[in-house]
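The structure appears below as structure tokens.
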Amino acid sequence: MSTAPKERVNIRYKSALGDAAEDIELPLRILMLGDFTGAPDERPVEERKPIDINKENFAEVMKAQKLQASVEVENHLAPDQGPLNLSLQFDGLNDFRPEGIAHKVDRLRELMELRDALKQLKDPLGNVPTFMKRIQAVLKDPDKRAQLMRELGLEDQP
């Protein structure tokens, strides 16, 4: 039998039926009510079905809800092109992490892939000082960096 962690809420009561006293632990159950869709729902509350969520089905329920957000953000990659209008879908908790969001935005995903490729180059060539100096020079010089982006086929994308 497993022992419950101290952080867990334990609700106990002592049942006394006749001469027998019994210590009973009740499970913690939480019901959350709210408008989490942001969309009108004309159905009466009595006709709406609750969604049972537990640790075994959390990911499945989250994906089934088709969570999404449409946002407009400042374009730091190409400020002259105006703000970015993004429509993001969230299938799991990891999609809310910075790298999960970056993976869903095409331009950011490409930059992350470039960063990962450069990291892979760094490991075997990290001890070659002249190579590292040349890479740093290319990345610091806007003209050379633009040339590298053109050669990688990344220049025309927002």
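Just so you know, all these numbers are worked out from the coordinates, no wet-lab data involved. All values reported here derive from a predicted model rather than from experimental measurement. Backbone-built Cβ (ideal geometry, glycine too); neighbour counts: all protein chains shown.
The set of residues in the stretch 14-37 that are within 19 Å of D52 (Cβ to Cβ) and part of a strand (DSSP E or B) contains only L26. Among residues of the stretch 56-67 that are at positive phi, those with a Cβ under 9 angstrom from a residue that is assigned to a loop (DSSP other than H, G, I, E, B), sequence gap 6+ or separate chain, pair up as K66/D91.
Could you list, in sequence order, all residues of the stretch 38-47 that are loosely packed, with under 10 Cβ neighbours inside 10 Å and in a loop (DSSP other than H, G, I, E, B)?
Once the filter is applied, which keeps residues that are loosely packed, with under 10 Cβ neighbours inside 10 Å and in a loop (DSSP other than H, G, I, E, B), the stretch 38-47 yields G38, A39, P40, E42, R43, P44.
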